[in-house]
Amino acid sequence: MFIYIVKRFALAALVLIVAVTAMFLMIRAVPGDPVSIMLGPRATPELKASLIAQMALDQPIWKQLLIYYGDLLQGDLGVDVFSGRSVADIVFQQLPYTIEMISLSVLWSATLGIALGAYAAAHPNTIIDRVAAALSVSLVAAPAFVVALLALLIFAVKLQWFPAIGAGEGFWGRLNHLVLPSFAIGLSWVGYIARLVRASMLEVMGENHIRTARAFGISERRIVMSYALRIAILPVVTVIGVGMGFLLSSAVFTEIVFARPGLGKLVIDSITTRNYPIVMGAVLVSTGLFVVSTALADLINAILDPRARSAD
Amino acid sequence: MAKSHSELSIILRGVAKDPLGLLGLIIVGMIVFSAIFAAWIVPYDPIGMNIPDRMQAPSLSHWLGTDSLGRDTLSRVIMGGQVALKVALPAVFGAMAIGLTLGMIAGYGPKWLDNFLMLFFDTVRSFPTVMFALAVVALIGPSLQTIVFVVMATSIPTYGRVARTQTLTLRNSEFILAERAMGASMTRILGVHMLPNIIGVLAVLAAMDIPTVIALEAGLSFLGLGVKPPTPSWGALLKDGYALIRQTPWLVVGGGLPIILATLGFTFLGESLRDVVDPKLRKNR
């Protein structure tokens, strides 16, 4: 187990290193000098000179890369060229908004998805099972930002039940502002998780220990709730971990639609103002988030299911 | 050629038997048809401005209304389908071809090459797609080609990994060993004997991937980072509708529904194809 953990994290670290290097080289590979590209057309000669010194662009490329890594290890993502603030500060100031939106989306969709899937598995081939199955396929198909736009149109603009823009103040205000965004992000996950739980539930219900529990006369309700479901929801953990990249992608669009602060809004705003250090910083942080959550999902899976450790 | 023709008709007949598959086939057929003949079916010029008719609600003369420049929404929706497929098809087939080649090499070649390619796949997959797309668009500027490139780059690993797994399982089967014993070259073994056994699974994957690409193109165009105006795209319709959501909400519906419909159609078709081509795959998405 220990060796597996070390191996898995070594892979995660390696992937991150390659990703950072690729990103670094990508900026350098773009035609034109990186300073003009990063600063855009508005650059003054003084600004250019200071950035060249700051990014060590007068050094050979391998040395630049080492310096870049050194800075990254100290949590330094560079400096915002316009305001002079640290990119890390700016990114981590926006990150909580994105995290809270994603967490709420996962929370409600996983709860509903697991309930639907468990119910469908306990009553296979009934009308409710069929409806749930058709619903899951259709829901999976709806891209988050389209759902977000339609939800905005119906519930915020027409019916005016929920606020259309911003993140809100205070606990209830924030929650109220989170309803539509997390609805849009979570919707496609409900169906996906329901299908997953239904399939693994049916598998678990056929196993020996469930038969034994039945033979002991334990109520069907208790068997489902405390024996079968506990095992059947394991794949959900993995899927959410691996789906982190997908969730982040949905978050970008949803933040734009609802004009919410967050990582996605930060990136888009920075692209429009050609503020490349912030774009790169935000992309790196979200890539890191994704790599770590995938590794964690694999680890949780390995702890819960020893068979996964030897695979691959 | 005749053989593959009959195989295709067997597969199509299998899909048509499944109600959802048939529905998917009809939707996809409609989208492909309207995309090919878009220039002939559009009731108005999709980029022709007509200021006196601006911001009109849906009516008999403009079924889906007009936008702030007086352009007919229905015409733009139809033309937008063509743009969506122009991005999705080359991107998905390009990614499939490259992923297939790399995956087969990884599965059949030496161990070090396999390890190297797997690391490459894992790295590319570790970028959240949209974030990667935004970084690339920020650096090289938005265009149709940029989107095709981004989609290809990010989805190669998915095809590569599946092709590798399939190659690994086929590698030691008797007919491949026999070929090897007869001295067939690696290109011949991979191209003539492995390929036909792998391509079906990848085609299913491609069908399921097309809606993701359509959504990504629409998403980037919605952000103003996709195809350039005045090119009609479903995402651009959403962008225009969003900007004036109180005045022209029909644009949001006109841009949103085709995306959902296309996604549904390709997903139904893909799932049904999967059941026909390889029932073993049914368990997971």
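Among the helices (runs of 4 or more DSSP H) confined to segment A:56-153, the ones with at least 1 residues that are more than 13 Å from every other protein chain (Cβ to nearest Cβ) are located at A:61-73, A:87-122, A:127-140.
Looking across segment B:124-148, the residues that are more than 12 Å from chain A (Cβ to nearest Cβ) and assigned to a helix (DSSP H, G or I) come down to B:Leu144, B:Gln145, B:Thr146, B:Ile147, B:Val148. The single residue among B:Pro157, B:Pro128 that is at pLDDT below 80, crowded, with 21+ Cβ neighbours inside 10 Å and not hydroxyl-bearing (Ser, Thr, Tyr) turns out to be B:Pro128.
Being assigned to a helix (DSSP H, G or I) and of a type in the set (Val, Ile, Thr) is the filter; apply it to segment A:154-196 and report the residue that is farthest from the other protein chains (Cβ to nearest Cβ). Here the answer is A:Val179.
Looking only at segment B:86-123, count how many residues are within 20 Å of the chain's Cα centre (by Cα), within 14 Å of chain A (Cβ to nearest Cβ) and more than 19 Å from B:Ala207 (Cβ to Cβ). Residues meeting the conditions: 1.
One residue alone among A:Ala297, A:Ala194, A:Ala302, A:Ala199 is crowded, with 21+ Cβ neighbours inside 10 Å and not basic (Lys, Arg), and that residue is A:Ala194. The residue pairs whose first member lies in segment A:256-281 and is of a type in the set (Phe, Trp, Tyr), whose second member is assigned to a helix (DSSP H, G or I) and at pLDDT below 85, and whose beta carbons are closer than 6 Å, counting only pairs six or more residues apart or on different chains, are A:Tyr276/A:Met38. Of everything listed in (1) surrounded by fewer than 21 Cβ atoms within 10 Å (Cβ to Cβ); (2) in contact with an Asp or Glu (Cβ under 8 Å, 6 or more places away or on another chain), the single unmet condition for B:Met186 is (2). Taking the criterion of being without any contact (Cβ under 8 Å) to a residue 60 or more places away in the chain and either buried (at least 24 other Cβ atoms within 10 Å of the Cβ) or in contact with a Leu (Cβ under 7 Å, 6 or more places away or on another chain) (or both), the residues of segment B:212-222 that qualify are B:Ala215, B:Ser221, B:Phe222.
Contact map, segment A:162-188: first residue surrounded by 15 or more Cβ atoms within 10 Å (Cβ to Cβ), second residue among the charged types (D, E, K, R) and outside any helix (DSSP H, G or I), Cβ cut-off under 6 Å, separation 6 or more or different chains; pairs are A:Ala167/A:Arg260. If you go through segment A:80-97, how many residues are under 25 Å from the mean Cα position of the chain (by Cα) and not acidic (Asp, Glu)? Selection size over segment A:80-97: 11. Checking B:Leu20, B:Leu64 one by one, the residue that is closer than 30 Å to A:Ala133 by Cα, at pLDDT below 80 and in contact with an Asp or Glu (Cβ under 9 Å, 6 or more places away or on another chain) is B:Leu20 and no other.
Do we find a residue being within 30 Å of B:Lys111 (Cβ to Cβ), over 16 Å from the mean Cα position of the chain (by Cα) and more than 11 Å from every other protein chain (Cβ to nearest Cβ) anywhere in segment A:286-299? Yes, the conditions are met somewhere in segment A:286-299. Taken over segment B:174-196, residues that are of a type in the set (S, T, N, Q) and within 18 Å of B:Val162 (Cα to Cα) amount to 0.
In the set (1) farther than 30 Å from A:Phe155 by Cα; (2) of a type in the set (A, V, I, L, M, F, W, C); (3) within 11 Å of chain A (Cβ to nearest Cβ), the condition left unmet by B:Leu177 is number (3). Does segment A:207-227 include one or more residues that are closer than 14 Å to A:Ala121 by Cα, surrounded by fewer than 21 Cβ atoms within 10 Å (Cβ to Cβ) and either within 14 Å of another protein chain (Cβ to nearest Cβ) or under 18 Å from the mean Cα position of the chain (by Cα) (or both)? Taking every residue of segment A:207-227 in turn, none turns out to be closer than 14 Å to A:Ala121 by Cα, surrounded by fewer than 21 Cβ atoms within 10 Å (Cβ to Cβ) and either within 14 Å of another protein chain (Cβ to nearest Cβ) or under 18 Å from the mean Cα position of the chain (by Cα) (or both). From the list B:Leu238, B:Leu251, pick out the single residue that is within 13 Å of another protein chain (Cβ to nearest Cβ), under 20 Å from the mean Cα position of the chain (by Cα) and crowded, with 24+ Cβ neighbours inside 10 Å. Of B:Leu238, B:Leu251, the one residue that is within 13 Å of another protein chain (Cβ to nearest Cβ), under 20 Å from the mean Cα position of the chain (by Cα) and crowded, with 24+ Cβ neighbours inside 10 Å is B:Leu238.
Of everything in segment B:256-279 that is within 8 Å of another protein chain (Cβ to nearest Cβ) and in contact with a Phe, Trp or Tyr (Cβ under 9 Å, 6 or more places away or on another chain), the residue that is surrounded by the fewest Cβ atoms within 10 Å (Cβ to Cβ) is B:Gly256. Here is the figure for segment A:239-285: residues that are over 13 Å from the mean Cα position of the chain (by Cα) and among the aromatic types (Phe, Trp, Tyr) total 2.
The values are calculated or read from the model by the stated rules, or taken from the named source; none is laboratory data. For clarity, every value in this text was computed on a predicted model and none was experimentally measured. Positions of Cβ are generated from backbone atoms using ideal geometry, with glycine treated the same way; all protein chains shown enter the neighbour counts.
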